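One structure below.
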Amino acid sequence: MRNVIIVILTLCSLSVQAIPTLKLISPYSTPDSSWVVRGAISFSVSATSTLPISKVEFYVDNALISTDLSYPYSYLWNTRNYSVGVHTLKAIAFDSQGSATVSQAISVNPTVVLKTTTKAAFTAGLIPTMTTLIPNVSLRDVSICMGADQAYYLVGTMSDNSVYYHNEGVNLWRSLDLMNWTYIGLIWSFENDATTADKVWNTFYNQQFRAIWNTKIHYLEGTYYVSFGNPIMGSRLVKSSTGKPEGPYAYQSLAPDLTKTTLFLDPINQYKSYFELLNTGFLFKANGTYYLSTTNLMETTKRYSSYVGIADSLTGVFQNWHEALPCGGNATYFTDIEGNLWATLFGNDDAAPWRERAGIVKMAIETNGKIKVSADQTLPPPTIIKDEKDDRSECKVYPNPAKDIITIENSDKTTISMVSISGKIIQRVNGTNPITKLDVSSFETGLYFVRIEKYGVLKTEKISVIH
């Protein structure tokens, strides 16, 4: 049994000239004093000033370990990387006039080991060889979406720290290749972003309770949404007020009686958003077919799997239920830059390759419409982020909306793809002339992406096709 680490978080005032206000939002004290910082947790602050914040520095034992130049100001602190003993955390915010901090002290406990499993599903060949996306960090309820920049964004509930009763909020990671993930920060927290009602501590199974479960991230209609909930507060949906994945996020009105939500956009009825509140799982569309994934504890194998039903319409009836992803549990589904279908897996049973760690599995759709694990687990090519200074890559795309023809100017030496809202590549051409015209007269009315790659630079334009 390991000794207890006592971590004292101290934020001190360094300058009387400074205006910035620094508020600790994670970790924080709990009413029963039972918060334990063990394994990984977000060390995050809210920094505000009458002048722009230039940076926030994070220190452990007076050693500078991270500098954050933009919101959200966070550092992923993993106690597994520190020796048993006493450690001190400190954050300092800077603007052009100086620096300032706010003081708060918290006693916390140490590390936890990552949970292990029998890996029976992997041994039986039901799950392919895979590696965890975020090493040395425990995560539940993993959700991934592809964003406006064609990068991938991941949220999940970090489960090292009393996840079922206390947690800090929604953490965000970003990747260009689905393999290497960068921690962005705590984008929604109880301490900084929750309403007064949601900040209230309740009693759940005779323990102090303030936590969120079932986090999901969605990119729709030019902005990002995050959904989450718990059995007491019900469902919550928050929307990025900046159109950026890091937020900040503001509450959206929802019925407060469910704990699992799916935000779903179907290009019908003039592209209205369908906020499907599902206490059964995750709704998505692939190849023109609707799918509903729910959790199912398989009786004979004891696998906690992603169990999927199929329907021809948004409202069902969902039929042909089948085990799509063994050990997938509360899986979410997303498409990559090439239109391939993937599912998330965090492991919630002993047959999984691990317990409570982030992973992904490429899926395939059979001729009968059922979803299964794909034999090909090749990752897509990395997303290339556009260099704003490279004018050679600039292409004009018009008209928008379009009826019959889409014109792309400066299209020589390009690869042009028409992509559906679900991520499927419908048409791909190589541009050899300064002007390329695409015939979309046969396309269904709906929302599409025109994806253009030139000189290794990727540009995406959203186009409406209306007949």
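The values are calculated or read from the model by the stated rules, or taken from the named source; none is laboratory data. Every value quoted in this text rests on a predicted model; they were computed, and no experiment measured them. All Cβ positions, glycine included, derive from the backbone under ideal geometry; neighbour counts span all protein chains shown.
Considering segment 326-341, and only residues there that are in contact with a Phe, Trp or Tyr (Cβ under 9 Å, 6 or more places away or on another chain) and surrounded by fewer than 24 Cβ atoms within 10 Å (Cβ to Cβ), the residue that is modelled with the highest pLDDT turns out to be LEU341.
Report yes if ILE406 is assigned to a strand (DSSP E or B), at pLDDT 90 or above and surrounded by 14 or more Cβ atoms within 10 Å (Cβ to Cβ), otherwise no. Steps first, answer last, please.
Working: assigned to a strand (DSSP E or B): yes; at pLDDT 90 or above: yes; surrounded by 14 or more Cβ atoms within 10 Å (Cβ to Cβ): yes.
It is true that ILE406 is assigned to a strand (DSSP E or B), at pLDDT 90 or above and surrounded by 14 or more Cβ atoms within 10 Å (Cβ to Cβ).
Is it true that some residue in segment 321-340 is over 22 Å from the mean Cα position of the chain (by Cα) and among the aliphatic types (A, V, I, L, M)? No, segment 321-340 contains no residue that is over 22 Å from the mean Cα position of the chain (by Cα) and among the aliphatic types (A, V, I, L, M).
Pick from segment 144-165 the residues that are touching a strand residue (DSSP E or B) at 6+ places or on another chain (Cβ under 6 Å) and small (Gly, Ala, Ser): which of them is farthest from THR383 (Cα to Cα)? Looking at the filtered set, the residue picked out is SER159. One residue stands out in segment 357-377 among those that are of a type in the set (Val, Ile, Thr) and in contact (Cβ under 8 Å) with a residue 60 or more places away in the chain: the one that is farthest from ALA286 (Cα to Cα), namely ILE360. Can you name the residue in segment 305-325 that is without any contact (Cβ under 8 Å) to a residue 40 or more places away in the chain and in a loop (DSSP other than H, G, I, E, B) and is also surrounded by the most Cβ atoms within 10 Å (Cβ to Cβ) among such residues? Per the criteria, the residue is PHE318. Among the candidates TYR153, TYR225, TYR165, the residue that is without any contact (Cβ under 8 Å) to a residue 40 or more places away in the chain and within 27 Å of LEU24 (Cα to Cα) is uniquely TYR225.
Apart from one condition, ALA148 fits all of (1) among the small types (Gly, Ala, Ser); (2) surrounded by fewer than 18 Cβ atoms within 10 Å (Cβ to Cβ); (3) more than 19 Å from the chain's Cα centre (by Cα); the exception is (3). Sub-7 Å Cβ pairs linking a first residue in segment 133-147 that is farther than 19 Å from CYS327 by Cα to a second residue that is basic (Lys, Arg), at least 6 apart or interchain, are ASN136/ARG80, ordered by first then second residue.
Can you tell me which of SER143, SER70, SER162 is modelled with pLDDT under 85 and of a type in the set (Gly, Ala, Ser)? Step through it out loud before you land on a result.
On the way: SER143 fails: modelled with pLDDT under 85; SER70 fails: modelled with pLDDT under 85.
The unique qualifying residue is SER162.
Yes or no: THR295 at pLDDT 80 or above, part of a strand (DSSP E or B) and surrounded by fewer than 20 Cβ atoms within 10 Å (Cβ to Cβ)?
Numbers: at pLDDT 80 or above: yes; part of a strand (DSSP E or B): yes; surrounded by fewer than 20 Cβ atoms within 10 Å (Cβ to Cβ): yes.
For THR295, the condition - at pLDDT 80 or above, part of a strand (DSSP E or B) and surrounded by fewer than 20 Cβ atoms within 10 Å (Cβ to Cβ) - is met.
So that you can scan it fast, the table gives a plain yes or no per residue for (1) surrounded by 12 or more Cβ atoms within 10 Å (Cβ to Cβ); (2) at pLDDT 65 or above:
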| site | (1), (2) |
| --- | --- |
| SER83 | no, yes |
| ASP95 | yes, yes |
| SER107 | yes, no |
| PRO110 | yes, no |
| LYS119 | yes, yes |
| THR123 | no, yes |
| ILE127 | yes, yes |
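One residue is enough: does segment 25-46 have a residue meeting the conditions on the phi < 0 side of the Ramachandran plot, surrounded by fewer than 17 Cβ atoms within 10 Å (Cβ to Cβ) and assigned to a strand (DSSP E or B)? No; the residues of segment 25-46 include none that is on the phi < 0 side of the Ramachandran plot, surrounded by fewer than 17 Cβ atoms within 10 Å (Cβ to Cβ) and assigned to a strand (DSSP E or B).
Please find, within segment 182-201, the residue that is farthest from the chain's Cα centre (by Cα) out of those that are within 23 Å of THR332 (Cα to Cα) and crowded, with 20+ Cβ neighbours inside 10 Å.
Here is the first cut: in segment 182-201, the ones within 23 Å of THR332 (Cα to Cα) are 182-189.
Add one more test, that the residue is crowded, with 20+ Cβ neighbours inside 10 Å, and what stays is 184-189.
Numbers: ILE184: 10, GLY185: 11, LEU186: 11, ILE187: 10, TRP188: 12, SER189: 15 Å.
This residue is SER189.
Residue check: is THR182 of a type in the set (Ser, Thr, Tyr), free of Cβ contacts under 8 Å to residues at least 40 places away in the same chain, in a strand (DSSP E or B) and touching a Ser or Thr at 6+ places or on another chain (Cβ under 8 Å)? Criteria met by THR182. Selection of segment 161-176 for residues being in a loop (DSSP other than H, G, I, E, B) and crowded, with 24+ Cβ neighbours inside 10 Å yields ASN161, ASN167, GLU168.
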